[in-house]
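Any read-out appearing in this document is the output of simple, stated calculations on the displayed coordinates, not a laboratory observation. Everything quoted here is computed from the prediction, not taken from an experiment. Methodologically, a virtual Cβ is constructed for each residue, glycine included, from the backbone with ideal geometry; neighbour enumeration extends over all protein chains shown.
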């Protein structure tokens, strides 16, 4: 029997600051058409679609810790935000674990780990979607920002503690370690704990770190895609990259490979590295942040899409977008984007962070029958598998499975 009535969705942001927030807010709006949905969030402004929906918004109206000008307050609230705990506890008192799910998407940027104590007190079923690796890794990415490489150290081990991997400084790493210790105590002691993994790759990285008493479900994030007019890739000469221009996204690797090979490259995206990359690679066309119309324009000029990320990406949305145009993709092996490519059939896979491997993959692509590869891609691409409708059906089934196993 389906017992699900109430869903409390928890997210740092009330607006679409990124992929995780988009999933949280979109699912909240859609679920509110059938269920009693509450959104507990901290940072505004509140999304217009949420405002117009039946979602009950519990909004703390606070700054995220990065932009709080009172740095001492930010340091303390990042470890334990008391108001989040108090307000959430007050909200959860109104619900029963027989028909209610608490679903957490993000918490590290504003709400803090204090929310998990309130959830545990309520005895309600907790679901956490693994959009990133903050449940396990102090910096959230299993990535050493100082060395620009993936980190394989055991979280909170002596080796981890002694390593300066932080994007800013080692004192910041110490703060992250303390936050992780607090968080671990609150999350792992919850007896009603469940996770949603968004890819097979995420499973491989995270499941070994999850206690056996917590169940892990598999569910891809929803991506609203439709097949666009086929791009005539065989007539194009541009290799395309679309990413935030920060070190872990590997845009420098893309630019270096394309420049070394003497091919044409277009980079869509903005970020801290933009000015430096422009100076370093004058032959690459940097077009900045693009809206949907501009994105379609540049995709239509693409011969192939390159996804050069250096870290453990949990999905690779831009790869799915490129495929919807019939554009084969060249992706790294050490991230979830590799699940979207059949090596040598619908695209190519190269060794993460390896310049020579990326250049070799591009040269293989140059020798490929592009029409055949595109046909293979389009025949195997099923955007409905990632639709919101499919996502909601599977998500509701997960919620009901959790409730049906209530002892």
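I want to make sure I understand the PRE zone here: with the label point 7 angstrom from the Cα of residue 333 toward its beta carbon, which residues in segment 241-257 have backbone N atoms less than 12 Å away?
Inside the label zone: nothing.
Give me 88, 317 sorted ascending by neighbouring Cβ count inside 10 Å, so fewest comes first.
By the 10 Å Cβ count, ascending, the order reads 317, 88.
Answer with a single label: of [x] 20.4, 71; [y] 22.6, 72; [z] 21.8, 64, which was calculated as Rg and Dmax of the Cα atoms in Å from the structure in view?
Correct label is [z].
For the residues 71, 176, 244, what sequence is obtained by ranking on other C-beta atoms within 10 Å, fewest first? Before the final figure, lay out the partial values.
Details: 71 9, 176 21, 244 15.
So the ranking, lowest neighbour count to highest, is 71, 244, 176.
Starting from the Cα gyration tensor of segment 4-66, take the square roots of the eigenvalues, sort them a ≥ b ≥ c, and report rounded, prolate or oblate (rounded when a/c is under 1.5, otherwise prolate if a/b is larger than b/c, else oblate).
prolate
Using the Kirkwood radius over C-alpha pairs as Rh, can you work out the diffusion coefficient of segment 7-155 via Stokes-Einstein at 25 °C, viscosity 0.890 mPa s, in µm² per second?
Translational D for this selection: 153 µm²/s.
For segment 1-30 and segment 275-344, write down the distance between their C-alpha centroids in whole Å.
What the calculation gives is 27 Å, centre to centre.
Take the alpha-carbon centre of segment 37-111, take the same for segment 379-407, and report the distance between them in whole Å.
25 Å
By how many nm would the segment from residue 384 to residue 52 lengthen if fully extended, with 0.36 nm per residue of separation less the alpha-carbon distance?
Full extension from residue 384 to residue 52 adds 116.9 nm.
For the chain, what is the percent of antiparallel DSSP beta bridges, rounded to the nearest 5?
Bridges in the chain are about 5 percent antiparallel.
Using 0.36 nm per residue, how much length does the chain from residue 159 to residue 354 gain when fully extended, once their Cα-Cα distance is taken away?
So the chain would gain 67.7 nm between residue 159 and residue 354.
Ranked by Cβ crowding within 10 angstrom, fewest neighbours first, how are 242, 373, 363, 388 ordered?
Result, fewest neighbours first: 363, 388, 373, 242.
Of the residues 96, 112, 84, which exhibits the maximal mean-square fluctuation in a Gaussian network model of the chain defined by a 10 Å Cα contact cut-off?
96
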